[in-house]
1. Please verify whether the range 249-265 includes one or more residues that are over 21 Å from the mean Cα position of the chain (by Cα), closer than 23 Å to residue 159 by Cβ and surrounded by 21 or more Cβ atoms within 10 Å (Cβ to Cβ).
2. May I ask you to list the residues in the range 125-158 that are over 18 Å from residue 32 (Cα atoms), surrounded by fewer than 24 Cβ atoms within 10 Å (Cβ to Cβ), under 16 Å from the mean Cα position of the chain (by Cα) and touching a residue at least 40 places away in the same chain (Cβ under 8 Å)?
3. Please go through the range 65-76 and pick out each residue that is surrounded by 12 or more Cβ atoms within 10 Å (Cβ to Cβ) and part of a loop (DSSP other than H, G, I, E, B).
4. Checking the structure you have, find out if any residue of the range 224-247 is within 16 Å of the chain's Cα centre (by Cα), more than 22 Å from residue 106 (Cα to Cα) and in contact (Cβ under 8 Å) with a residue 40 or more places away in the chain.
5. What number of residues within the range 201-222 are crowded, with 19+ Cβ neighbours inside 10 Å and assigned to a loop (DSSP other than H, G, I, E, B)?
6. Going by what's in this entry, would residue 198 be described as within 19 Å of residue 153 (Cβ to Cβ) and either modelled with pLDDT of 95 or more or surrounded by 15 or more Cβ atoms within 10 Å (Cβ to Cβ) (or both)?
7. Only one of (1) over 23 Å from residue 295 (Cβ atoms); (2) without any contact (Cβ under 8 Å) to a residue 24 or more places away in the chain is not met by residue 38, so which one is it?
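The values are calculated or read from the model by the stated rules, or taken from the named source; none is laboratory data. Just so we're clear, the structure is a prediction, and the values are computed from it rather than from any experiment. Don't worry about glycine lacking a Cβ; one is built from the backbone with ideal geometry, like all the others, and counts go over all protein chains shown.
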């Protein structure tokens, strides 16, 4: 059974949500705006990378920054729903430009420990989450202007996954996809299909009218890209975990499916950067930055 919600949802609060789709990684980043003030937050930003050329850029992040500046808004939070394996975070870049505090789930420390070993990081790599300004526990709250946002632990895809609920909007990261997209994989280190099922059912215990904002969409069967659904739509139509699908059925499907999936193209640079809160690895004695490729390590 899913754990009970650690807060009381208030769907009378209706934040303005603007999505920014990154075609290169099929990622959706969000600005969440308080309708009663100029305050906003950014969720799951993207740093651009040409992996073959070893070049990074900030075109996607600059689009978000420009939107906030053009509207005269104040950035209060830069949130990561988890340590992404398919895109690099631009959180510290956006924070440098606009301010605000960076936050992620407290289980980032588990992820840092696992991947710190995989990438053979030395003792200088801090595994305590200190790269972030706030580590959220289940049920923790924070303010975006006049709105109260809640962090809800939803592991399974990774140990550090959290869903952020702001009024009638919930940002689910990779835990859920659109109804025809199903659910996230659960075969990364620290992932677990049974835990994922229970986390999804926890999300789906939010009020039916709650808007769910998805971190990735791939346009199944050629449909247009979409990133907003509702709890009611997911419960009725999600191809992996709609009402009536049992935990054992989901686990069997998820584990079987995950065995057929290739690793994300950007998993190696993404993990090294994102476990550092979006920072690149430290420069060497010659002032150069390198990313490692662990052979047979993943």
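1. Going residue by residue through the range 249-265, those that are over 21 Å from the mean Cα position of the chain (by Cα) are 249-253, 255-257, 259-260.
Okay, now just the ones that are also closer than 23 Å to residue 159 by Cβ, so 250-253, 255-257, 259.
Adding the requirement that they be surrounded by 21 or more Cβ atoms within 10 Å (Cβ to Cβ) leaves 250.
Yes; the residues of the range 249-265 include at least one that is over 21 Å from the mean Cα position of the chain (by Cα), closer than 23 Å to residue 159 by Cβ and surrounded by 21 or more Cβ atoms within 10 Å (Cβ to Cβ).
2. 132, 138, 153, 155 - these are the residues of the range 125-158 that are over 18 Å from residue 32 (Cα atoms), surrounded by fewer than 24 Cβ atoms within 10 Å (Cβ to Cβ), under 16 Å from the mean Cα position of the chain (by Cα) and touching a residue at least 40 places away in the same chain (Cβ under 8 Å).
3. In the first step, residues of the range 65-76 are kept if they are surrounded by 12 or more Cβ atoms within 10 Å (Cβ to Cβ); the result is 65, 67-69, 71, 73-76.
Within the range 65-76, 71, 73 meet the criteria.
4. Checking the range 224-247: at least one residue is within 16 Å of the chain's Cα centre (by Cα), more than 22 Å from residue 106 (Cα to Cα) and in contact (Cβ under 8 Å) with a residue 40 or more places away in the chain.
5. Number satisfying all stated conditions: 6.
6. Here the answer is yes, as residue 198 does meet what is asked.
7. All conditions are met except number (2).
Yes or no, residue by residue, for (1) in contact with a strand residue (DSSP E or B) (Cβ under 6 Å, 6 or more places away or on another chain); (2) farther than 25 Å from residue 5 by Cα:
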{"residue": "77", "(1), (2)": "yes, no"}
{"residue": "84", "(1), (2)": "no, no"}
{"residue": "121", "(1), (2)": "no, yes"}
{"residue": "136", "(1), (2)": "yes, no"}
